[in-house]
Amino acid sequence: MEIKTNYNEIASTYDERYEVNYLTAVEQSLLSIASENNVYKILEAGCGTGRWLKPLHKLNIKLFGLDYSIQMLKIAKDANNTEGLVNADASNFPFKSNLFDLIFCINAIHHFPDKKKFFSDAASCLNVNGLLCIYSVDPHIDKNWYVYDFFDGVYEKDLMRFPSLNETKNFCAMFDLQVEEQILVERVYNSRTGDEVFSDPFLKKNMNSQLANLTEEEYNIGIEKIKQKTTYQPDKKFITEINFYLTKASKGI
């Protein structure tokens, strides 16, 4: 059974991740696409606390955000001062057809329970020549993250949760969305030696969905494995290498 991250529980601390890593290149990519393609109505699917809506306010556009977590949306509303926020599932768009010029999601598609339905709804809600932009990681090709090594089952679950770049391309093709590019946008890399790993903010249980979805027992077992490794191998390198890719597709006639 697929585990659904309870973002109502972690909403209040969610934005701490952006204090650690702001993903500047992802933001610049989004702003460039929005400003260079004559878009006016934009929807973010899985908008969370509104971190990615905020920089778009500098453009003269209408913004909408969709998320299934009410607590995350409350923070997004305060942060963005916008009424265009909707509490709904990204696999069941509550919008009419041909409404948006750009639909995007950033590091969220793995939470959508029915990804095929998401692509279907996105295609329906896009205007002709509208753009769908998916920013995500792909553990099918990138797995150099120490969390995968010490917390049982996390990598295997990520393989099921995250569509590969090729799967994303195939989903687009199902609904006549023409993929214009699939590119690496931003690389996150960190190396910590021995006990330094415990200074990694992303080792906290609620700093990413991989660890947040674990039970307390599962999480503590993983932490204990890391402690044992640093005790017997104090020069152990703990690597985080996470790549964010963009799939940009357009809707034809």
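Bear in mind these aren't lab numbers, they're just calculated from the coordinates by the rules spelled out. A quick note: this is a predicted structure, and the numbers were derived from the prediction, not measured. FYI the Cβ positions are ideal-geometry reconstructions off the backbone, even for glycines, and counts take in every protein chain you see.
I need the phi-derived Karplus couplings for segment 42-53: 6.51 cos²θ - 1.76 cosθ + 1.60, θ = phi - 60°, integer Hz, Gly and Pro marked x.
Karplus values, whole Hz, x for Gly and Pro: 10, 10, 9, 8, x, 6, x, 7, x, 4, 8, 6.
Which of the lysines could a cross-linker bridge to LYS169, judged by Cα under 29 Å and excluding same-chain residues fewer than eight apart?
Filter leaves LYS4, LYS41, LYS54, LYS62, LYS96, LYS115, LYS116, LYS117, LYS143, LYS157, LYS248, LYS251.
Check GLU180: other-chain or 5+ apart residues with amide H under 5 Å from its amide H, H built from backbone geometry?
Residues meeting the amide H criterion: LYS248, ALA249, SER250.
Once label points are set 7 Å from the Cα along Cα→Cβ at both ASP78 and ASP152, what is their separation, rounded to one decimal in nm?
4.0 nm
Between GLU9 and TYR232, what is the label-point separation in nm under the 7 Å Cα-to-beta-carbon projection?
3.2 nm
Once every DSSP H run of n ≥ 4 in the chain is given -39500 (n - 2.57) and the sum is divided by its residues, what mean residue ellipticity at 222 nm do you get, rounded to the nearest 500 deg cm²/dmol?
It comes out at -9500 deg cm²/dmol, rounded to the nearest 500.
So, by mean Cβ neighbours within 10 angstrom, what's the order for 170-183, 123-136 with the highest one leading?
For the peptides 170-183, 123-136, the packing ranking is 123-136, 170-183.
Write down the Kirkwood hydrodynamic radius of segment 7-251, to one decimal in angstroms, obtained as one divided by the mean of 1/r over all alpha carbon pairs.
It works out to 18.9 Å.
Any idea what angle helix 165-174 forms with the longest principal axis of the chain, computed on alpha-carbon atoms, 0 to 90 degrees, nearest 10?
With both axes taken from Cα atoms, the answer is about 20 degrees.
Using a 7 Å offset from the Cα along the Cα-to-Cβ direction at both ASN98 and GLU180, what is the distance between the two label points in nm, to one decimal?
About 2.1 nm separates the two model spin labels.
Ordered by residue, what ³J(HN,Hα) values in Hz, to whole numbers, does segment 109-116 give under the Karplus form 6.51 cos²θ - 1.76 cosθ + 1.60, where θ = phi - 60° and Gly and Pro are x?
Once θ is set to phi - 60°, the couplings for segment 109-116 become 4, 5, 8, 6, x, 10, 5, 4 Hz.
Nearest 10 degrees is fine. How inclined is helix 24-36 to the longest principal axis of the chain, computing both from alpha carbons?
Its long axis makes an angle of about 10 degrees.
Can you give the % of DSSP beta bridges in the chain that are antiparallel, to the nearest 5?
About 55 percent, rounded to the nearest 5.
By how many nm would the segment from VAL20 to ILE253 grow when fully extended, if each residue of separation counts as 0.36 nm and the alpha-carbon distance is taken off?
Gain on extension, VAL20 to ILE253, equals 79.7 nm.
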